[in-house]
Amino acid sequence: MLPSVNATYDISAAFYKDFEFINPFDNITANVNLSISQVIFQGGRSFINRAIRSIDTEKTRNSALSEYFSVLDSIDNAYYSVLEAEATLEAELSSLESARLNLEIAEIRLANGILNQGDFLRALSESESRANSYNQARRNLSLNMTRLKNLLGIANNVELEQIDFSAYEELLVFLSGISDEEADIIYVDLWRILTSSNPSYTNSALSSLSAQKSHSLTWLDLTPTISARLTLPVYNYSSLRGGEFFPSSSASVTISGRIPVDFWKTMNDIERSRISRDSAAASFVNTEISLSVDLQSALYSILAQAGSVLSSRRTLEYTERSYNIVMERNRLSQSSVSEVSEVSTQLLNSRNNYTKSRYSFLQSLSRLRSLCALDDEQRLISILLGRG
């Protein structure tokens, strides 16, 4: 939109004249000119192009923001996977120790003749199975740690800070008991934040707007354009005039324009831009629907996971009590090998279910945070509690 300024120069030296070679240094001429060009009228193209460039800049910023939250979500999931694998390994170790203790008791009973061979083999099989599960959990922990290190770009193992789940207790209790109407209210609040902050949503809207402006710009190809050019010669030089610089006495102003006459080509361009505009608008609608489904899925998932955390915690408490009773009876030779094996399996499954539900809850929380493009997890928790 600003004027264009250019400086030009030319130097020439004649070395052949009237069928004779002459000294070129005696025939040097030089000219230096300054020109200023300014577009006077082009139907508003400059303003539309400026708006399109501004939209492109904003889209680039949003693409970087989208990548940031994508990486943040990936690291969160990898972090939670490592912590879950550590908790699973701890549960498998406890189960292995229990199986080995049961095997020791079975060996003593077998030696005293109060246990048959079949029950002893079952205790032995249970111990081997638990050892294999422990080794698999150990390898799974190493694999998840490797993935996390790759994401963080580090080579050495790190000791991860454990999650204080007591900080989420209020949220867990609230989400597990809300009604459908309250869930709908939370969804509306989250959707409002998503439409104002989510970079994918914003970029899709900007792409639609850019396509609309590009379509408007194509229509302007039917309008004429006018430009002005001012030429100001600065200095000339000629060896024929004593080898001195002297100002030129000539200057010019040029008004030029363009009137389009190839309307058939312009109309084809307009039709193509219209298709692109409609396609971008349809893409925006698809993005809106997709993000709406993603937000609903993430919200319903965290509601389900909140209930699962509380339910699996109660189940674990009951199973631990049952396990302690059976193990006490086992030490007094009042329970069978099958009872010990069954309650040990129940305890292991309860621990793993509780662990999985807790970290699934955190992953759902992370997904909601990324969809709403929120850096602060506490703000998201306040929104879910109806305080945001």
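The values are calculated or read from the model by the stated rules, or taken from the named source; none is laboratory data. Keep in mind that this is a model prediction, so the values were computed, not measured. Note that each Cβ is placed from the backbone with ideal geometry, even for glycine, and that neighbours are counted across all protein chains shown.
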Please work out which one of (1) farther than 30 Å from His215 by Cβ; (2) in contact (Cβ under 8 Å) with a residue 12 or more places away in the chain; (3) charged (D, E, K, R) is the condition Glu58 fails and give its number. (1)
Quick one: count up the residues across the range 314-365 that are outside any helix (DSSP H, G or I) and either within 17 Å of Arg122 (Cβ to Cβ) or in contact with a Lys or Arg (Cβ under 9 Å, 6 or more places away or on another chain) (or both). 3
Within the range 11-40, considering residues that are under 30 Å from Ala228 (Cβ atoms) and touching a Leu at 6+ places or on another chain (Cβ under 9 Å), the one surrounded by the most Cβ atoms within 10 Å (Cβ to Cβ): Asn33
Select, from Arg109, Arg100, Arg50, the only residue that is over 30 Å from Thr202 (Cα atoms), in a helix (DSSP H, G or I), without any contact (Cβ under 8 Å) to a residue 60 or more places away in the chain and in the same structural domain as Ser196 (by TED's automatic domain parsing). Arg100
Out of (1) within 30 Å of Phe69 (Cα to Cα); (2) in contact (Cβ under 8 Å) with a residue 24 or more places away in the chain, what's the single condition that is false for Ala228? (1)
Does Leu115 satisfy the condition of being among the aliphatic types (A, V, I, L, M), at pLDDT below 85 and either touching a Cys at 6+ places or on another chain (Cβ under 6 Å) or assigned by TED's automatic domain parsing to the domain that holds Arg351 (or both)? yes
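Return yes when Ser350 is at pLDDT 90 or above, within 30 Å of Asp119 (Cβ to Cβ) and surrounded by 16 or more Cβ atoms within 10 Å (Cβ to Cβ) and no when it is not.
On the way: at pLDDT 90 or above: yes; within 30 Å of Asp119 (Cβ to Cβ): yes; surrounded by 16 or more Cβ atoms within 10 Å (Cβ to Cβ): yes.
Judged against the criteria, Ser350 is a match.
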Looking only at the range 152-178, which residues are among the hydroxyl-bearing types (Ser, Thr, Tyr) and either part of a loop (DSSP other than H, G, I, E, B) or more than 26 Å from the chain's Cα centre (by Cα) (or both)? Ser166, Ser176
Within the range 177-212, how many residues are closer than 19 Å to Thr287 by Cβ, of a type outside the set (Val, Ile, Thr) and either in contact (Cβ under 8 Å) with a residue 40 or more places away in the chain or surrounded by 17 or more Cβ atoms within 10 Å (Cβ to Cβ) (or both)? 19
Selected residue (criterion: modelled with the lowest pLDDT) from residues of the range 366-388 that are surrounded by fewer than 18 Cβ atoms within 10 Å (Cβ to Cβ) and not in a helix (DSSP H, G or I): Gly388
Do we have any residue at all in the range 75-86 that's modelled with pLDDT of 75 or more and surrounded by fewer than 13 Cβ atoms within 10 Å (Cβ to Cβ)? no
Quick count over the range 159-172, residues being in contact (Cβ under 8 Å) with a residue 40 or more places away in the chain and loosely packed, with under 14 Cβ neighbours inside 10 Å, is 3
